[in-house]
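> One structure follows; several queries about it will come next.
No lab work stands behind these numbers, since they all come straight from the coordinates. On a predicted model such as this, the values are computed, not experimentally measured, just so you know. FYI the Cβ positions are ideal-geometry reconstructions off the backbone, even for glycines, and counts take in every protein chain you see.
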Amino acid sequence: MITLQDISKHYGRQAVLAGASFQLNPNDKVGLVGPNGAGKSTIFRLLVGEEHPDRGEVQVPKSVTLGYFRQDAGEANQRSVVEEAILGCGPLGALHAELQELERALEDPERAHELDTILERYGEVQGEYQQLGGYELEPRAHEVLHGLGFRDEQIAGTMAELSGGWRMRVAIAQVLIGAADVLLLDEPTNHLDIESILWLEGYLKASSSAILMTSHDRDFMDRIVNRIVEIDEGQLVSHTGNYADYEQAREVRSAQNEAAFARQQAMLKKEERFIERFDKHAAKAAQVQSRVKKLAKIEKLEPPKKRVLVPFAFRQPPRSGNDVATLQGVSKRYGDKVIYDHFDFEIKRGERWAVMGSNGAGKTTLLKLIAGQIEPDEGQARLGASLRLGYFAQSSLEILDPNLTVWQQIDQAFPVATIPSKRTLLGSFDFPGDDIDKPIRVLSGGERSRLVLAQMLFDPPNFLVLDEPTNHLDLDTKQMLVQTLAKFEGTMIFVSHDRTFLRGMANRVLDLSAQGSKGQTQPEKFACTYESWVERTGHEAPGVWH
């Protein structure tokens, strides 16, 4: 269907792709993996024709339609959300727009002299529109938008009323509604909550479209893809199976490469010792020369390259009091919408609460109340004794100074700490070598998140309040963060849509979606892990059945 043949691509002196080849077949569902900067987004841009290879050929048949989701929020215009989703969905959306334009032309008295031409074109467009399923377009748009978390009033509202994150969801909807032959999805889950992620999993699994996607959500990728394509030193290497299969095969391959390298090094040292020992012995001259020639012909193996992120060994925070945070009779409203109504909630030392809830249930509001970022309308939110609070939200990225380098940011934050300890910190959060000299203004969202988390955990507080801490983090960094925080002896409450993080961290679950359902007037509290909560309730997120 789609082929990249012997592709090379450079940016300045950096070779991103070097003689890479790849084929995407009908019904393929492929995960594209590689570290930041490996060239994943470059692959997408080559496929849609936004960039061209320095060498090689990109083959996309003209009959094949592409739907491309990238990390760009849609325009904040005055069109309705459903209209924007339909108009941007590809060829069918273009026909929809032309039909609307022709209908307006038919009603325009100033164009009466063009009536026959307009009617003829209207008949052609209407026939093609009907043949392609255009009259099912609006119901499909509503289905997709609902699945991505939109309420009816949002769907009818304008794009200008939406935040950047919600406009990103409209961009995802456009790609799905278009039902293209090939879906190119660059991090589609970044701005979704867990309910929408689970819906999207089901939608893509059932889709007949071929899919090429990147994702930092391991569970999401595992449940959808049947093949992994890895960008490895400019080459595209294909692996059958999902991400878990690929990771297992990668570990086996890595162990084999390390063993082969070690065996060759041992053999080389043995031969070199023989040559060195008998170099001056005339009786051994022939053997020495033979072994010198043998070594010259051997193809030397390169030391295996492996990206290893070691969990950061931070010092444990001071012990807090037993009562960490207490909400007593808390009420909070936004306009007519009641978020909390006389809510009582306690957090005790050592507890790790995962806050679950459908979109708009009040997850971020709860964290802001606990962190003192907002005040309740009624009741009290108070923190316990001997408490040092660390609050991470997307707004936390604003603490970074764009005019500093990565090193300067950490050095200024901890001026008396030793240089080795600060280098170890930055290395653990994937800022090795010269990366510490990067200006903060050029860092990606994931790099900024890593830097904020590094600064927070170098001298850790004993109470962490984390709102989507894994957003934008790649799979390896996410796993490192889970392993690092597993050793944290303080208290934690967090919101996350990442199931690896939920499984690794939570020993309590607060389900906000219980409010107003089944006679419940308050959120439900579960003294169990996330995995146990899934087993007990039968769903992975409120209202989404497992």
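> Extension gain GLN78-MET267, at 0.36 nm per residue separation less the Cα-Cα distance, in nm?
60.9 nm is the gain from fully extending GLN78 to MET267.
> Can you give me the long-range amide H partners of PHE392? Hydrogens built in the peptide plane at 1.01 Å from N, cutoff under 5 Å, separation of 5 or more residues or another chain.
Sorted by chain and number, the residues that satisfy this are VAL465, LEU466, ASP467.
> Right, another one. Search the structure for amide H atoms under 5 Å from the amide H of GLN235, placed 1.01 Å from N in the peptide plane, and list their residues when 5 or more places away or on another chain.
ALA18
> Holding the Cα-Cα limit at 19 Å, pick out from LYS368/LYS422; LYS280/LYS300; LYS363/LYS525; LYS269/LYS300; LYS29/LYS205 the pairs that are longer than that.
The answer is LYS368/LYS422; LYS280/LYS300.
> What FRET efficiency comes out for GLU378 versus GLU351 if R0 is 30 angstrom and r is the Cβ-Cβ distance? Round to the nearest 0.05.
Result of the calculation: an efficiency of 0.75.
> In debye, nearest 20, what is the charge dipole magnitude of the chain about its Cα centre with +1 on Lys and Arg Cβ and -1 on Asp and Glu Cβ, if you could check?
3860 debye
> Given that just one value was derived from the coordinates, which of [x] 27.0; [y] 26.4; [z] 23.5 is Kirkwood radius over Cα pairs in Å?
Of the listed options [x] 27.0; [y] 26.4; [z] 23.5, [x] comes from this structure.
> Taking amide H positions as placed in the peptide plane 1.01 Å from N, state which residues far from ILE211 in sequence (5 or more) or on other chains have amide H under 5 Å from it.
Residues meeting the amide H criterion: ASP28, LYS29, VAL30, LEU183.
> Given points 7 Å out from each Cα along the Cα-Cβ axis, report the TYR334 to LEU301 separation in nanometres with one decimal.
Spacing of the two 7 Å Cα→Cβ label points: 5.7 nm.
> With labels modelled as points extended 7 Å from the Cα through the Cβ direction, what inter-label distance (nm, one decimal) is found for CYS528 paired with GLU120?
Inter-label distance under the simple model: 7.0 nm.
> Based on alpha-carbon centroids, what's the gap between region 305-384 and region 1-43 in Å, whole number please?
42 Å
> Say the dipole of region 85-138 comes from +1 at the beta carbon of Lys and Arg and -1 at that of Asp and Glu; which of GLN126, GLN100, GLY90 then lies farthest toward its positive end?
Comparing the listed Cα positions along the dipole, GLY90 ranks first.
> Just how large is the dipole of region 65-180 about the Cα centre, in debye to the nearest 20, putting +1 at every Lys and Arg Cβ and -1 at every Asp and Glu Cβ?
Taking the Cα centre of region 65-180 as origin, the dipole is about 680 debye.
> Nearest 500 deg cm²/dmol is fine: what mean residue ellipticity at 222 nm does the chain get from its DSSP H runs of n ≥ 4 alone, each adding -39,500 (n - 2.57), divided by its residue count?
Dividing the helical sum by the residues of the chain leaves -12000 deg cm²/dmol.
> How high is the relative contact order of region 48-202? Use alpha-carbon pairs under 8 Å, at least six apart in sequence, and give a whole percent.
Computed over region 48-202, the figure is 44 percent.
> Further question on the same structure: Each residue of region 154-167 in order: what ³J(HN,Hα) in whole Hz does its phi give by Karplus 6.51 cos²θ - 1.76 cosθ + 1.60, θ = phi - 60°, with x for Gly and Pro?
Calculated HN-Hα couplings, in order: 5, 4, 7, x, 8, 4, 5, 7, 9, 6, x, x, 6, 5 Hz.
> Please name whichever of GLN5, GLY19, GLY56 sits farthest to the positive end of the charge dipole of region 1-57, dipole taken about the Cα centre and charges placed at Cβ: Lys and Arg +1, Asp and Glu -1.
GLY19
> With an 8 Å cut-off on Cα pairs and a minimum separation of 6 or more residues, tell me the relative contact order of the chain in percent.
14 percent
> Work from the charge dipole of the chain (Cβ charges, +1 for Lys and Arg, -1 for Asp and Glu, about the Cα centre) and give the residue of ILE275, THR158, THR484 farthest towards its positive end.
Value computed over the given set: ILE275.
> So for the pair ALA244, ASN403, with labels modelled 7 Å out along Cα→Cβ, what separation do we get in nm?
5.1 nm
> Another question about this same structure. Using a ≥ b ≥ c from the Cα gyration tensor of region 31-186 (square roots of the eigenvalues), is it rounded, prolate or oblate, where a/c under 1.5 gives rounded and otherwise the larger of a/b and b/c decides, a/b for prolate?
oblate
> Expressed as a fraction of 2.2 N^0.38 Å, the rule-of-thumb size for a compact globular protein of N residues, what is the C-alpha radius of gyration of region 288-377?
2.36
> Please give the residues of region 82-115, grouped as numeric ranges, whose backbone N is less than 20 Å from a label point set 7 Å along the Cα-to-Cβ vector of ALA160.
82-88
> Right, another one. Quick one: what are the phi-derived ³J(HN,Hα) couplings along region 264-277, Karplus 6.51/-1.76/1.60 with θ = phi - 60°, whole Hz, x for glycine and proline?
Those phi angles translate into 5, 4, 5, 5, 5, 5, 5, 5, 5, 5, 4, 4, 5, 6 Hz.
> Assuming R0 = 25 Å, what is the FRET efficiency of GLU230 and MET1, from their Cβ-Cβ distance, to the nearest 0.05?
0.80
> How much length is gained if the chain between GLU258 and THR424 is pulled fully straight, taking 0.36 nm per residue apart and subtracting their Cα-Cα distance, in nm to one decimal?
Taking 0.36 nm per residue and subtracting the Cα distance, the gain is 57.3 nm.
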